[in-house]
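Step one of this worksheet: look at the structure below.
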Amino acid sequence: MKLFLIGLATMAVTATAAQAQDIDWTQVTLDGYEVPLAYENDEGEVIRSGYTFRTKGTQAMQADDFENPAMWRVDEGEVAWATPAGSEGKSCADCHGDAAESMATTGTEFPKVNADGELLGLEHQINKCRTEQMGAEAFKWESQDMLTMTVYVRHQSRGKPVNVQIDGPAAEHYAKGEELYNKRIGQLDMACKHCHQDYYGNYIRADFLSQGQSNGFPTYRQKWGKVGSIHRRIRGCMDNIRAKKYPYGSYENTVLELYLANRGKGLPVETPAVRN
Amino acid sequence: MKTLITALVVVASFTVSAWAQDMAYVVNEDDFTIEESLTGTPGDAAAGEKSFVGRKKGNCLACHAVDQLKNSQQFHGEVGPDLSDIGSVYNAAELRLRIVNYKVLNEDVIMPAFYKSTGFSRTKSDFEGKSILSAQEVEDVIAYLLTLKS
């Protein structure tokens, strides 16, 4: 009896994945999304959001805002946006006004090189505003406050196509990201590309490999029981291949983030996405 | 007495050099084999099955499916070829090379080298200087694979 049940469970998982494969994702958009969850690039490869690799149940949690377990952060973020903090007594709204307007494409553009030539992720930029404009303390990278603010800001771009700059001042950072993406690391001696480019769409034990796209971050992950940043995800994958992780906010994680964003160029921002 | 001492010295120096060259083995590049056992001790197929399945050991099942394990193991990988009949395809020497370091055959392969302890980049400190499997575990996995015939 036990064996029979296990057999059924395995079949159920495989069947859901097979169904997900059969759908033409290049045609699928979610409510309010400008662009579909997948598209065919110039080389004929279909660039697919992680959404398209997940089970129907996980997809349903993301597709319905009332079911999405991270959506409360958008409401909390809206409050935090307008709440003064720090010695200057200013809130984000005092400088940036209505986030729906001022942040409408911000989430599609980061990581980004600023006027001083530094490569900044959204978290870095938020902390710059806090320390340099507001006289407030920097948020810790993976803190509740930071996750809520990054979810709120990136959510303003939900449905719009990711479009990071990789030429000009960003070119050297992009090249570094590409190098790290393809470099074997750790005792298992694998690169990101081995799993997410060479074998996406296959099971690796119980995990169904996606293209490792970043358009949904910060993402609610059932395994984490909360949202996490793209740096957390990158660190998790490095840990799994028994490699030393780079610190939160490090240059290495940020150039990888830039490379990932461009790999998924044109995919819709999904923040906060839901994954398993 | 004299012969005994000589024998002892030989044994001792053999052990020392085996340590120093930890991962010593000879690859035959003509037919892609490692002929000689890594330990001289025959592999134990039952122990090999445990290493094959164990997530902290070979975790081979992460990438390879095996029909003979369908009843006992729920999740089988799809990344590498099905190994249900691998015991009819390769002999021990051929399997040994593939497990020790598949990159000799295919430099871009995803499959890890299971008997290699140096030359990696940024290995986590708990695993620094260690191979994924010990020499005997490799021999055990080979013995297990040789039982797989469908």
Quiz item: Along the Cα-to-C-beta direction of A:D65, a point sits 7 Å from the Cα; which residues of segment A:81-101 have their amide N less than 15 Å from that point?
Solution: A:99-101
Quiz item: Which percent of Cα-Cα pairs in segment A:123-206 sits in each 5 Å bin, short to long?
Solution: 3, 11, 11, 12, 15, 21, 16, 6, 3, 1
Self-check item: With eigenvalues of the C-alpha gyration tensor scaled by 5 and rooted, segment B:104-143, Å
Solution: 19, 16, 7
Self-check item: Rh by Kirkwood over Cα pairs, then Stokes-Einstein D for segment A:197-247 at 0.890 mPa s and 25 °C, µm²/s
Solution: 203 µm²/s
Quiz prompt | Principal axis dimensions, segment A:185-276 - Cα atoms, whole angstrom, descending | solution = 33, 31, 28
Quiz prompt | 10 Å Cβ neighbours from other chains, averaged over peptide A:203-210 | solution = 5
Quiz prompt | Per-selection Kirkwood Rh - segment A:35-175 (Cα, Å, 1 d.p.) | solution = 17.0 Å
Practice problem: On a 0 to 90° scale, report how tilted helix A:144-155 is relative to the longest principal axis of chain A, with both axes built from alpha carbons and the result rounded to the nearest 10. | Solution: 80 degrees
Quiz item: Considering every pair of different Cα atoms, what Kirkwood radius, in Å, is found for the protein assembly as shown?
Solution: 24.3 Å
Quiz item: Taking Cα atoms, how many degrees apart are the long axis of helix B:92-101 and the longest axis of chain B, rounded to 10 and kept between 0 and 90?
Solution: 90 degrees
Practice problem: Report, in degrees rounded to the nearest 10, the 0 to 90 angle that the Cα long axis of helix A:251-263 makes with the longest principal axis of chain A. | Solution: 60 degrees
Practice problem: Once you have the Cα-Cα distance between A:E118 and A:E252, take 0.36 nm times their residue separation minus that, and quote the gain in nm to one decimal. | Solution: 46.9 nm
Quiz item: What does chain B give for Rg and for Dmax, in Å, if only its C-alpha atoms count?
Solution: 17.2, 60
Practice problem: Work out Dmax and Rg for segment B:34-100 from the C-alpha atoms and quote the Rg first, both in angstrom. | Solution: 12.3, 35
Quiz item: Average partner chain C-beta neighbours within 10 Å, per residue of B:114-120?
Solution: 2
Quiz prompt | Cβ crowding within 10 Å averaged over residues, with A:266-274, A:38-46 ranked highest first | solution = A:266-274, A:38-46
Quiz item: Based solely on its DSSP helices, what 222 nm [θ] is calculated for the protein assembly as shown when runs of n ≥ 4 H residues each add -39,500 (n - 2.57) and the sum is averaged over all residues, nearest 500 deg cm²/dmol?
Solution: -11000 deg cm²/dmol
Quiz item: Roughly what would the spin-label model give for A:K265 and A:T26, points 7 Å off Cα along C-beta, in nm?
Solution: 1.8 nm
Practice problem: Any chance you could list P(r) for segment B:62-150, counting all Cα-Cα pairs in 10 angstrom bins from zero, rounded to whole %? | Solution: 16, 44, 33, 8, 0
Quiz prompt | Ranked packing of A:155-168, A:252-265, most packed first, by mean Cβ within 10 Å | solution = A:252-265, A:155-168
Self-check item: Separation of the B:T41 and A:T83 label points, Cα + 7 Å toward Cβ, nm
Solution: 6.2 nm
Quiz item: Listed here are the pairs B:K50/B:K124; B:K50/B:K116; B:K57/B:K124; A:K112/A:K193; B:K70/B:K149; A:K140/A:K193; which of them are more than 18 Å apart at the Cα?
Solution: B:K50/B:K124; B:K50/B:K116; A:K112/A:K193; A:K140/A:K193
Exercise. Can you figure out the FRET efficiency of A:K128 with A:K160, using R₀ = 25 Å and their beta-carbon distance, to the nearest 0.05?
Key: 0.60
Quiz item: How many angstrom lie between the C-alpha centres of segment A:199-276 and segment A:46-72?
Solution: 15 Å
Quiz item: Based on Cβ point charges of +1 for Lys and Arg and -1 for Asp and Glu, what charge dipole magnitude is obtained for chain B about its Cα centre, in debye rounded to the nearest 20?
Solution: 620 debye
Quiz item: About the Cα centre of the protein assembly as shown, what is the dipole size in debye to 20, counting +1 per Lys and Arg Cβ and -1 per Asp and Glu Cβ, all else neutral?
Solution: 1340 debye
Exercise. Have a look at A:S87, A:T254, A:T29 and report the one farthest towards the positive end of the charge dipole of chain A, computed about the Cα centre with Cβ charges (Lys/Arg +1, Asp/Glu -1).
Key: A:T254
Exercise. Give the Kirkwood hydrodynamic radius (Å, one decimal) of segment A:81-132, defined as one over the mean of 1/r across all pairs of different Cα atoms.
Key: 12.0 Å
Quiz item: In a shell of Cβ-Cβ distance under 12 Å around B:F114, excluding B:F114 itself, what net charge do Lys and Arg (+1) and Asp and Glu (-1) give?
Solution: +2
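Each value in this text was obtained by applying a stated rule to the coordinates, not by laboratory testing. Worth saying up front: this structure is predicted, and the values here are computed from it rather than measured. Heads up, the Cβs are rebuilt from the backbone with ideal geometry, glycines too, and the neighbour counts pull from every protein chain shown.
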